[in-house]
Amino acid sequence: MTASKSPLVIGAGPAGLTAALRLLERDVAPRIVEATENVGGLARTPVDGSWRIDPGGHRFFTKSEEVADLWRSLLPADQWISVPRRSAMLVDGHYVRYPLRGRDLLWQRGLGKGLHGLGSLMWARLRTGPRIVNGAVSFRRWGTYEFGRHWYQTFFDGYVRKTWLTDPDDIASDWANQRIKPIDWRVRSDQELTTTDVFRYPKLGPGQLWEAAAEELRSRGIEPKLKARVVEAQYGASGWTVTLQNGETCLADGLFSSMPLHELIEALKPRPPEYIRAIAARLRHRGLITVAVALRERLDIPYHWVYTPNSAFRSGRIQNYSLWSPDLAPPAWPGSHLGFEYFVDGPTGTWGIDDEELVRIVRDDLRALGCGDSTVEHLMITRSQHAYPVHDSTRERNVQRIRNFLAARYPSLHPIGRNGMHHYDNQDHAMLSALKSVDRYFGADVDPWQANTDEGYHESGLVNG
Ligand SMILES: Cc1cc2nc3c(=O)[nH]c(=O)nc-3n(C[C@H](O)[C@H](O)[C@H](O)COP(=O)(O)OP(=O)(O)OC[C@H]3O[C@@H](n4cnc5c(N)ncnc54)[C@H](O)[C@@H]3O)c2cc1C
């Protein structure tokens with residue numbers, strides 16, 4: 001081990017654990033501090049007895065061989081399952097498959113609505129002319145161009161309002177090309193679809209992978225320090241002095257930070273200039289509350305993810321855990337295991353909603369799903385405060401200014417991951433930003449902020465085991 005180096009990693013989510021593993025690989029022993037009592041961050045698996053849940057529904061896919069190799073090295077092949085992707089939008093009592101298919105759109109809700117949608121799409125394309133510039137327009141404009149007004153309103157407007165809790169005109173569309181697939185007009189059989197769109201999944205949920213990563217670190221002498229929230233990071237001539245909430249301090253020659261970017265700015269000493277603090281304070285997040293319910297009754301929902309864009313549901317999406325992995329429930333559980341996702345705003349807003357109220361809300365949503373009378377066998381509530389870094393129209397410019405400031409003032413500070421960089425990233429991009437940041441720590445001329453710029457990336461890749 002290189003004793004002259006002493007990096008500290010903030011956060012034991014996918015980005016922080018990846019940075020720690022890569023540092024070890026390069027013969028440097030990192031320390032890693034995590035605010036909560038769990039590893040895995042947003043991709044953890046909360047457990048209650050034999051019940052497990054995936055708070056976000058994590059598909060494992062990547063275009064990066066490096067990331068895929070790391071996943072494979074951490075969990076043996078028999079701990080991965082292959083899951084065909086089946087998602088749908090529940091609209092007017094119809095499960096309309098997602099990604100949207102031309103054939104379903106034309107017929108499933110009646111030919112009249114189908115032709116209306118098609119006419120509206122053609123009109124949007126004729127009126128707008130050549131392809132609009134993604135990212136330069138609001139989500140509403142992007143969606144109306146991509147799907148036509150009718151299908152945009154039917155499938156996306158309500159969902160985006162629920163997720164971001166704001167008007168789609170106030171949301172940038174830079175993430176949409178990566179996250180929302182265009183309509184598939186090809187005629188393909190169901191069989192063809194389920195064999196081409198497959199993702200990998202750890203049997204015990206996404207946290208299984210990150211617990212294995214932490215175990216790997218432990219086996220090599222690195223114990224992630226849990227319940228260790230960083231509250232201050234002081235920079236001086238001799239490097240970093242980081243203070244934890246309990247008053248302990250650690251010295252470091254480099255910091256890898258996956259804590260939310262605006263919280264990092266507030267933790268820095270000496271204090272960054274007022275204008276940087278002001279723009280950092282404008283970086284917003286959406287929280288996520290997942291209410292998992294196990295019902296005695298077996299529901300016939302053949303989809304893993306069901307989006308619920310309309311106002312009949314308070315939840316934005318329902319996960320069908322039974323299809324994700326049977327090991328998320330007790331052995332041979334015969335009923336249904338569902339996760340209702342509620343998107344909430346900051347500490348003073350709906351984030352503070354109490355458990356009793358959540359139970360009432362989920363009961364209403366069960367009724368909307370047509371199973372209000374089912375017996376609830378088990379219920380679990382999971383809260384993720386910084387689930388979604390909001391991409392509003394000022395995000396890119398503000399992040400760029402903060403990033404320039406940090407690079408100029410603190411060359412040994414490396415923001416990594418989804419909230420560390422305030423970018424709506426999946427695990428693979430969070431990991432890539434960590435891998436590149438470690439390379440940068442060793443002097444490589446790489447830009448970790450470029451880890452996620454692939455316009456053609458779609459949530460449908462296949463990660464071979
Ligand atoms: C609803 C939902 C669905 C998703 N679906 C997918 C999917 O299908 N596929 C996919 O690949 N990805 C998915 N993701 C994204 C994935 O969860 C993230 O990309 C990934 O978890 C980001 O890793 P990270 O380490 O950057 O951040 P996080 O997971 O947020 O981890 C950061 C860690 O830092 C800790 N921390 C914060 N502040 C401090 C502090 N002050 N001191 C110490 N520690 C601190 C946190 O407690 C946390 O453990 C989804 C996310 C959500 C919310």
What number of residues within the stretch 229-271 satisfy the criterion of being among the aliphatic types (A, V, I, L, M) and in contact with an Asp or Glu (Cβ under 6 Å, 6 or more places away or on another chain)? 1
What pairs can you find where one residue is in the stretch 376-393 and within 28 Å of L366 (Cβ to Cβ) and open to solvent by 40 Å² or more (accessible area, probe 1.4 Å), the other is within 15 Å of the ligand (Cβ to nearest atom) and among the hydroxyl-bearing types (S, T, Y), and their Cβ atoms are less than 9 Å apart, with a gap of 6+ or different chains? I381/T290; R383/T290
So which strands (runs of 3 or more DSSP E) are wholly in the stretch 239-338 and hold at least 2 residues that are aromatic (F, W, Y)? 305-307
Among the residues of the stretch 256-272, which ones are over 24 Å from the mean Cα position of the chain (by Cα), in contact (Cβ under 8 Å) with a residue 60 or more places away in the chain and open to solvent by 10 Å² or more (accessible area, probe 1.4 Å)? none
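Take the residues in the stretch 115-154 that are on the phi > 0 side of the Ramachandran plot and surrounded by 14 or more Cβ atoms within 10 Å (Cβ to Cβ), then tell me which one is modelled with the highest pLDDT. Give the steps one after another, and end with the answer.
Filtering the stretch 115-154 for residues on the phi > 0 side of the Ramachandran plot gives 129, 135, 148.
This time we only want the ones that are surrounded by 14 or more Cβ atoms within 10 Å (Cβ to Cβ), so: 135, 148.
Working: G135: 59, G148: 94.
For the stretch 115-154, the residue satisfying everything is G148.
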Could you list, in sequence order, the residues of the stretch 393-423 that are over 15 Å from G13 (Cβ atoms), of a type outside the set (V, I, T) and assigned to a loop (DSSP other than H, G, I, E, B)? S393, Y410, P411, S412
Is at least one residue of the stretch 427-438 among the acidic types (D, E), touching a Phe, Trp or Tyr at 6+ places or on another chain (Cβ under 8 Å), assigned to a helix (DSSP H, G or I) and within 13 Å of the ligand (Cβ to nearest atom)? yes
How many of the residues in the stretch 36-79 are within 16 Å of the ligand (Cβ to nearest atom), under 15 Å from S325 (Cβ atoms) and open to solvent by less than 30 Å² (accessible area, probe 1.4 Å)? 11
Given the criteria away from the ligand (no atom under 11 Å from the Cβ), open to solvent by 30 Å² or more (accessible area, probe 1.4 Å) and at pLDDT below 95, does E223 qualify? no
Return the total of residues in the stretch 15-35 being open to solvent by less than 10 Å² (accessible area, probe 1.4 Å) and either outside any helix (DSSP H, G or I) or on the phi > 0 side of the Ramachandran plot (or both). 4
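May I ask you to list the residues in the stretch 376-392 that are away from the ligand (no atom under 16 Å from the Cβ) and either among the charged types (D, E, K, R) or not in a strand (DSSP E or B) (or both)?
Of everything in the stretch 376-392, those that are away from the ligand (no atom under 16 Å from the Cβ) and either among the charged types (D, E, K, R) or not in a strand (DSSP E or B) (or both) turn out to be E377, D392.
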Among R218, R277, the single one that is in contact with a helix residue (DSSP H, G or I) (Cβ under 7 Å, 6 or more places away or on another chain), without any contact (Cβ under 8 Å) to a residue 24 or more places away in the chain, assigned by TED's automatic domain parsing to the domain that holds R418 and open to solvent by 10 Å² or more (accessible area, probe 1.4 Å) is R277
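The values are calculated or read from the model by the stated rules, or taken from the named source; none is laboratory data. Because the structure is predicted, anything quoted here is derived from the model rather than measured. Every residue, glycine among them, receives a Cβ derived from its backbone with ideal geometry; neighbour counts consider all protein chains shown. Just the protein is used for accessible areas: all its heavy atoms, side chains included, with ligands, DNA and RNA removed. Shrake-Rupley method; radii C 1.70, N 1.55, O 1.52, S 1.80 Å.
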